[in-house]
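**Student:** Have a look at this one.
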Amino acid sequence: MSNRGKFSGRVGFILAATGSAIGLSNIWRFPYLAGQNGGAVFLIIYLACVFLFCFPVMVGEIAIGRAAGTDAYGAYTKLGGKKWGLLGIFGVISGIFILSYYNVVAGWAFGYFVELTFGPLLQESDFGSFFSSFVNDINSNFFYSLGFLFLTALAVVRGIQKGIETANKILMPSLFVILIGLILYSLTLPNAKEGIRFYLVPDFSEIKLQTVFDALRLAFFTLSLGIGGLITYGSYVQKSENIIYSASVVTWADTIVAFLAGLMVFPLVFSAGQSPAEGPALVFMVMPEIFQQMGPTIGKIVGASFFLLLCFAALPSCISLLELPVAYFVDQKKYPRKYVVWILSLVIFLLGLPSLASFGAIPALNKLWFYKQRDFLTLVADITDITLTIGGCLMCIFISYRWKLHNMNAELAIGNESFRGSLMQKYIDFTIRWACPLLLGVLSVLIIIDKFWGFNF
Ligand code: TRP
């Protein structure tokens, strides 16, 4: 057990878990969902979801990991028996599938960075059709996503401290610096105020039930919950650490970065006279147009920084997604980390090929007949979104009815003496026992209905 590695201390774990949390969803999905759902209203609902419901789940997940000191499958088996181990396997498989498509999107960001910095991307006249032909170009995307996964594997293969921790120690502060730089620049633009007003002054007429569920789904995904990613990272946390404290820092940091991403995007969007409600097109079609309007030199600098930021956000997330299945094979099967990392990366890359080819290269994958003519990547993303919330729901049930709340609380009190009997303890107990499983159960059913039958709330 001793040679599986540990984070060097509090900072190492917090940075790695924050890196896992901050990802494409903060820089891309959060701003576009906020843009489509009335800006400030979405922000408020999102904050409520994060702190009221997701934070306790995060605490519970890390506690399982540290208590068991092993991978997701091993942890459920150790604390709950073989049958519960299936929940761990379910998480490991979900992680593999999430990474398979997530890495493709990260590859696009990497590709945009390369083509904007070294190629004539900013001279395009129509970014919509540029994006279509870019994602359609399977040859270059093959290398972009292979390159990205290679970088991920390079970090994971070096182990917890030398690889994962070191990568995060470099990437997280750099991400922060680029983000702050971009915000300062965007606030100097004409019309920046309009963007800020849209983002920060709520318009409550925009609230729909759908907004609440979109926010909850996003909050759950962005904090990397539900499939055992944090069980895995939690298993490398030292017993002297205060889990509640670390989880709060991670939750805050993730939320602040999502908030800052909005603060960067909306002034840019409004100053360029674009619509904030462009949806998923925001990053790859609208942003390049905004950079183009800045003129060749500034556009290149700001644009390159933006896509670099996206890559720096995506890489630590990919690292955590890869570590989840890697830990399973290293801890359970005792295979050497080196082989596990390279073989799994190859398998995940191959599993991602249909997603990679689903934007024109293979027409049948672009319009799936059994999935409302949507593309294959969206299918994988939607299915894994559901496995995430189902996984989270079952995890809460596991804690309350199998492992038991008092055992979780005993784990949480290690490194945090004042936790026992505190208000925080009562709150976490209540949410994990009642609020979270109920809410996540309902959410899973609603996502299934929405995705497969197109029910709009
Ligand atoms: N949180 C990351 C993002 O916001 C994605 C991610 C990384 C993730 N690891 C995860 C999602 C584990 C679910 C589970 O982009």
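The values are calculated or read from the model by the stated rules, or taken from the named source; none is laboratory data. Predicted, not measured: the structure shown is a model, and the values here were computed from it. In this analysis, Cβ positions are derived from the backbone assuming ideal geometry, glycine residues included, and neighbour counts consider all displayed protein chains. With ligands, DNA and RNA removed, areas are computed over all heavy atoms of the protein, side chains included. Shrake-Rupley method; radii C 1.70, N 1.55, O 1.52, S 1.80 Å.
**Student:** Excluding residue 450 itself, what net charge comes from residues whose Cβ is under 13 Å from its Cβ, given Lys and Arg +1 and Asp and Glu -1? Walk me through the numbers on the way to the answer.
**Tutor:** Working: positive: 208, 217, 372, 374, 451; negative: 214, 382, 385.
Summing Lys/Arg as +1 and Asp/Glu as -1 gives +2.
**Student:** Distance from a point 7 Å along Cα→Cβ of residue 445 to each backbone N in region 54-83: keep the residues under 18 Å and list them by number.
**Tutor:** Within reach of a label on residue 445, which here means backbone N under 18 Å from a point 7 Å along Cα→Cβ, region 54-83 contributes nothing.
**Student:** Still on this structure: Counting only heavy atoms of protein chains, what accessible area per residue, in Å², does region 67-155 have with a probe of 1.4 Å?
**Tutor:** Values: 3430 Å² over 89 residues.
Per-residue accessible area for region 67-155 comes out at 38 Å².
**Student:** Counting alpha carbon pairs within less than 8 Å and at least 6 residues apart, what relative contact order, in whole percent, applies to region 244-326?
**Tutor:** That works out to 14 percent.
**Student:** What FRET efficiency comes out for the pair residue 129/residue 162, r = Cβ-Cβ distance, R0 = 45 Å, nearest 0.05?
**Tutor:** After rounding to 0.05, the efficiency reads 0.50.
**Student:** Can you find, among 110, 384, 135, the residue sitting farthest towards the positive end of the charge dipole of region 10-453, where Lys and Arg contribute +1 and Asp and Glu -1 at Cβ?
**Tutor:** In region 10-453, that residue is 384.
**Student:** Are there DSSP H segments in the chain that both extend 24 Å or more along their axis (alpha-carbon positions) and score a mean Kyte-Doolittle hydropathy of at least 0.5? List them, or say none.
**Tutor:** Once both thresholds are applied, what remains is 82-118, 138-157, 166-187, 243-271, 296-332, 337-356, 376-397, 436-453.
**Student:** Measuring from label point to label point, each 7 Å out along Cα→Cβ, what is the residue 438 to residue 426 span in nm?
**Tutor:** 1.8 nm
**Student:** With every protein chain left in place and a probe of 1.4 Å, what is the accessible surface of residue 197, to the nearest 10 Å²?
**Tutor:** 130 Å²
**Student:** Relative contact order for the chain: what percent, with Cα pairs under 8 Å and sequence separation of 6 or more? Show your work: numbers first, answer last.
**Tutor:** Numbers: 730 pairs, mean separation 150.8, N = 457.
RCO, the chain: 33 percent.
**Student:** What's the magnitude of the charge dipole for the chain around its Cα centre, counting Lys and Arg as +1 and Asp and Glu as -1 at the beta-carbon? Answer in Debye, nearest 20.
**Tutor:** Computed charge dipole of the chain: roughly 1580 debye.
**Student:** Using the charge dipole of the chain (Lys, Arg: +1 at Cβ; Asp, Glu: -1 at Cβ; taken about the Cα centre), state which of 277, 302, 248 has its Cα farthest towards the positive end.
**Tutor:** Towards the positive end, the residue furthest out is 248.
**Student:** Would you check the accessible area of residue 32, probe 1.4 Å, heavy atoms only, in square angstrom rounded to 10?
**Tutor:** Accessible area, nearest 10 Å²: 40 Å².
**Student:** If you don't mind, there's one more thing I want to ask. Could you work out the relative contact order of region 180-325, using alpha carbon pairs under 8 angstrom and six or more residues apart, expressed as a whole percent? Please list the in-between numbers first.
**Tutor:** On the way: 77 pairs, mean separation 56.3, N = 146.
Over region 180-325, the number comes to 39 percent.
**Student:** What size of dipole, in debye to the nearest 20, comes out for region 236-336 about its Cα centre when the only charges are +1 on Lys and Arg C-beta atoms and -1 on Asp and Glu C-beta atoms?
**Tutor:** The calculated dipole for region 236-336 is roughly 240 debye.
**Student:** Quick one: with all protein chains in place, what share of the accessible area of the chain is carbon or sulfur, to the nearest percent (1.4 Å probe)?
**Tutor:** 68 percent
**Student:** Another question about this same structure. Below 12 Å, Cα to Cα, which aspartates and glutamates can residue 333 reach? Residues fewer than 8 away in the same chain don't count.
**Tutor:** Residue 333 reaches 71.
**Student:** Does region 260-327 come out rounded, prolate or oblate, given a ≥ b ≥ c as the square roots of the eigenvalues of its C-alpha gyration tensor, rounded meaning a/c under 1.5 and, failing that, prolate meaning a/b above b/c?
**Tutor:** prolate
**Student:** Multiply the residue separation of residue 150 and residue 174 by 0.36 nm, subtract the distance between their alpha-carbon atoms, and state the gained length in nm to one decimal.
**Tutor:** 6.6 nm
**Student:** In terms of the ratio Rg/(2.2 N^0.38 Å) built on C-alpha atoms, what value belongs to region 298-418?
**Tutor:** Dividing the Cα Rg of region 298-418 by 2.2 N^0.38 Å gives 1.49.
**Student:** Can you bin region 10-453 into rounded, prolate or oblate? Criterion: square roots of the alpha carbon gyration tensor eigenvalues sorted a ≥ b ≥ c, rounded for a/c under 1.5, prolate for a/b above b/c, oblate for the rest.
**Tutor:** Judged from the Cα gyration tensor, region 10-453 comes out prolate (a/c at least 1.5, a/b above b/c).
**Student:** Rounded to the nearest 0.05, what FRET efficiency do residue 278 and residue 245 give with R0 = 25 Å and r taken as the Cβ-Cβ distance? Could you check?
**Tutor:** E(calc), rounded to 0.05, equals 0.05.
**Student:** Enter the accessible area of residue 300 (Å², nearest 10), with the probe set to 1.4 Å and all protein chains included.
**Tutor:** Surface accessible to solvent at residue 300 totals approximately 80 Å².
**Student:** If you don't mind, another one. Kindly identify region 135-192 as rounded, prolate or oblate by the Cα gyration tensor criterion: order the square roots of the eigenvalues as a ≥ b ≥ c, call it rounded if a/c is under 1.5, otherwise compare a/b with b/c, prolate if a/b is larger, else oblate. Can you show the working numbers first?
**Tutor:** Details: a/c = 6.43, a/b = 1.34, b/c = 4.82.
Oblate, since a/c reaches 1.5 and b/c is not below a/b.
**Student:** OK, next. How far, in nm, would the chain grow between residue 301 and residue 201 when pulled straight, counting 0.36 nm per residue and subtracting the alpha carbon separation?
**Tutor:** Here the segment from residue 301 to residue 201 would lengthen by 32.9 nm.
**Student:** Give the lysines whose C-alpha is closer than 18 Å to that of residue 208, dropping any in the same chain fewer than 8 places away, or say none.
**Tutor:** Filter leaves 451.
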